[in-house]
Amino acid sequence: MKKNRSQARDIMLSVISILLLVAVWFLVSGSRPDFFPTPMATVERFIRLIEKPIMGVSVFGHVLASLRRVMLALIASIILGIGIGLVMGWNKKVRAAINPILMALRPIPPIAWIPLIILMFGVDEFPKVLLVFIGSFFPIVMNTMSGVALVDDMYLKVGKIYKAKTWQMLRHVVFPAAMPTILAGIKIAISSGWMVVVAAEMLSSRSGLGFLINRGRDSYDVALIMVAMILIGVVGALLSAVFTLIERKMCGWMSKE
Amino acid sequence: MDEQRVVQVHLENISKSFVSRKTIFEAVNHVTIDVYKNEFLVLLGPGQCGKTVLLNMVSGLETPTDGKVEFLNSDSTDVGFVFQKTAVFPWKTVMENVELPLELKGVPKEERRKRAQYLIELVGLKGFENALPKQLSGGMKQRVGIARAYCNNPQVLLMDEPFGALDAQTRYQMEEEILRIWEQEKRTVIFVTNNIEEAVYLADRIIVLSKCPATVKEVYDISLPRPRDYVDPEFLRIREAIEANTDLAL
């Protein structure tokens, strides 16, 4: 009962704060609606966007196009990031060899890669996915590495006492112990990948939310920009919420402390 | 008694030192111990002496700098280990934790489940097979640890201050329980503690170790009948005798 009531209260507070935000938006946009469209105009633009596709792609098609790029890149960075991170966390020599390279590459923002990648790969699908990969790979590899390196010695001792082979040690001890840290890395990777995909699409693209923003800029359709921005925010939040559910499912064994 | 005096583990003049930051740290110094089959041996010593190191060498986790550990009259050097902070895997259920040693050996699921089920019932956790450790109390977690230690059917069980982190009441309860389990499934137990009362309550034999580096200081045979009574005059006499004779400084 008590939990239900506090949940209801939290939901109400969220609704109120969103309504407040919309109210502020109303006030601010009142003076120059052509420059900064009102919430109503934005909703209207959204409905029109559903009815009238841009570049032959519906608004949901644009969302899916962005999602698809992020998912492809995430699959690659999860596989490579966990693989490389696992080996680096497990083997000090490999870590010593690879870590400096990662440390030097990591601070380079994905946007800084854009000119080089365009020169090398053009403006097709692949360079966009590659950019998202660059934005999502590092948090996964870094978190996996530190998660694996920091597994409690006591757990490793259990494995050694019962003569676990290396793969058994990884499967039964190291990997599950590092799982919460790895998932936290993936979570960061998802949000950073979602940000990068928009940037990649703003460069040159015929689909995706970043493309919609560009389109809005080019045709002075500010409401379209607003619609795309809000969609980016909402879809990003949904992605993160869905992943939190997965996280809870996979690491339900963690105690609350 | 004669049957018990078969040597199971022989520690021959063991020394162990570690080098850290160019200083040599001696943990164990010339320790010779015979551990008899199915006896409950307690190694009693002050906080930071080489008790755990000694256990690690029996288990094969560490090798002595000098001397050797021999397993006699058995073809297996498998040991079970009960850890101080339980070391039960929080991501595995009770069943999965207990069966782990057999799973690592590649024993088929059905067979190892049967064994684990028997042990879960032995330690009094029937009904908690599918529970996760976070749902268990400290004492129950340690029961899981004990069942796991028994799982691959080792002849020797090593226990490293297993009840040190429990509250007093649970600790008394678990001391009773470990004896009940051991009576039912006799094994050679090497039990490390710094608690004299616990040592006298549990042990067939107490070996008192000195401060760092650990050396054998004194050996006591405890022939009090079980179950023992903490306030029995004879119990108290032995306890005081050990207290007077050692510089545990706890």
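Using protein heavy atoms only (no ligands, DNA or RNA), what is the total accessible area buried between A and B, 1.4 Å probe, nearest 100 Å²? Mind showing how you got there, number by number?
Numbers: alone 15790 and 12120 Å², together 25860 Å².
Between A and B, the summed buried area is about 2100 Å².
In straight Cα distance, which lysines are under 23 Å from B:LYS114, not counting same-chain residues fewer than 8 positions off?
A:LYS163, B:LYS92, B:LYS105, B:LYS126, B:LYS141, B:LYS186
Of the heavy-atom accessible surface of chain A (probe 1.4 angstrom), what whole percent is carbon and sulfur?
Roughly 72 percent, rounded to a whole number.
Using a basic spin-label model with each label point 7 Å from the Cα along Cα→Cβ, how many nm lie between A:ALA104 and A:LYS165?
Each label point is offset 7 Å from its Cα along the Cβ direction, giving 3.8 nm.
Indicate the helices, whole DSSP H runs only, in chain A that combine a mean Kyte-Doolittle hydropathy of -1.0 or more with a Cα extent along their long axis of 27 angstrom or more. Intermediate results must be reported in sequence, preceding the final value.
Working: long enough: A:2-29 (41 Å, 0.94); A:59-90 (45 Å, 1.79); A:125-149 (36 Å, 1.32); A:175-203 (41 Å, 1.48); A:222-250 (42 Å, 2.05).
Qualifying helices: A:2-29, A:59-90, A:125-149, A:175-203, A:222-250.
Carbon and sulfur atoms: what percent of the 1.4 Å accessible area of chain B do they account for? Write out the running numbers ahead of the final one.
Details: 5300 of 11140 Å².
Summing carbon and sulfur atoms, their accessible area is 48 percent of the total for chain B.
If you fit an axis through the alpha-carbon atoms of helix B:94-104 and take the longest principal axis of the Cα set of chain B, what angle between them do you get, 0 to 90°, nearest 10?
Result, in degrees: 80.
Computed on alpha carbon atoms, what radius of gyration and Dmax characterise chain A, expressed in Å?
In order Rg, Dmax, the Cα atoms of chain A give 22.5, 74 Å.
Let me check against my output: what whole-number percent is the relative contact order of chain B, with C-alpha pairs under 8 Å and at least 6 apart?
Details: 472 pairs, mean separation 66.7, N = 250.
Computed value for chain B: 27 percent relative contact order.
Using +1 at the Cβ of each Lys and Arg and -1 at the Cβ of each Asp and Glu in the protein assembly as shown, identify which of B:PRO233, B:MET174, A:MET202 lies farthest towards the dipole's positive end.
A:MET202
Can you give the calculated 222 nm mean residue ellipticity of chain B, where each DSSP H run of n ≥ 4 adds -39,500 (n - 2.57) and the sum is split over every residue, rounded to the nearest 500 deg cm²/dmol?
Values: 7 runs with 85 residues, N = 250.
Mean residue ellipticity at 222 nm (helix-derived): -10500 deg cm²/dmol.
Taking the simple approach of a point 7 Å from Cα along Cα-to-Cβ for both A:SER58 and A:LEU150, what is their distance in nm?
4.5 nm
If each DSSP helix of 4+ residues adds -39,500 (n - 2.57) and the sum is divided by the residues in chain A, what number results at 222 nm, nearest 500 deg cm²/dmol?
Details: 10 runs with 201 residues, N = 257.
Mean residue ellipticity, 222 nm, calculated: -27000 deg cm²/dmol.
Would you mind checking the tilt of helix B:233-245 against the longest principal axis of the Cα atoms of chain B, expressed as 0 to 90 degrees and rounded to 10?
Its long axis makes an angle of about 60 degrees.
Angle between the Cα long axis of helix B:109-122 and the longest principal axis of chain B, 0 to 90 degrees, nearest 10?
Its long axis makes an angle of about 60 degrees.
How fast does the protein assembly as shown diffuse by Stokes-Einstein, in µm²/s, taking the Kirkwood radius from C-alpha pairs at 10 °C and 1.306 mPa s? Present the calculation step by step, with values, prior to reporting the outcome.
Numbers: Rh = 27.7 Å.
The Stokes-Einstein estimate is 57 µm²/s.
Give me the inter-chain shielding for A:247-255: mean count of other chain Cβ atoms within 10 Å, whole number please. Mind dumping the intermediate values first?
Numbers: counts 0, 0, 0, 1, 2, 3, 9, 4, 5.
If you average over the peptide's residues, the count of other-chain Cβ atoms is 3.
Per-residue Cβ counts within 10 Å, from other chains only, averaged over B:97-108: what number is that?
3
I'd like the projected area of chain B, averaged over all directions, using the convex hull of its alpha carbons. Report it in nm² with one decimal.
Details: hull surface 57.3 nm².
The number I arrive at for chain B is 14.3 nm².
When we measure straight from the Cα of A:LYS52, which aspartates and glutamates land under 20 angstrom away, once same-chain ones fewer than 8 places off are left out?
Result set, ordered by chain and number: A:GLU44, A:ASP218, A:ASP221.
The values are calculated or read from the model by the stated rules, or taken from the named source; none is laboratory data. The shown structure was predicted, so the numbers you read here are calculated from the model rather than taken from an experiment. Reconstructed Cβ throughout: ideal geometry from the backbone, glycine too, with neighbour counts over all protein chains shown. Accessible surface is based on the protein model in full, side chains and every heavy atom, while ligands, DNA and RNA are left aside. Shrake-Rupley method; radii C 1.70, N 1.55, O 1.52, S 1.80 Å.
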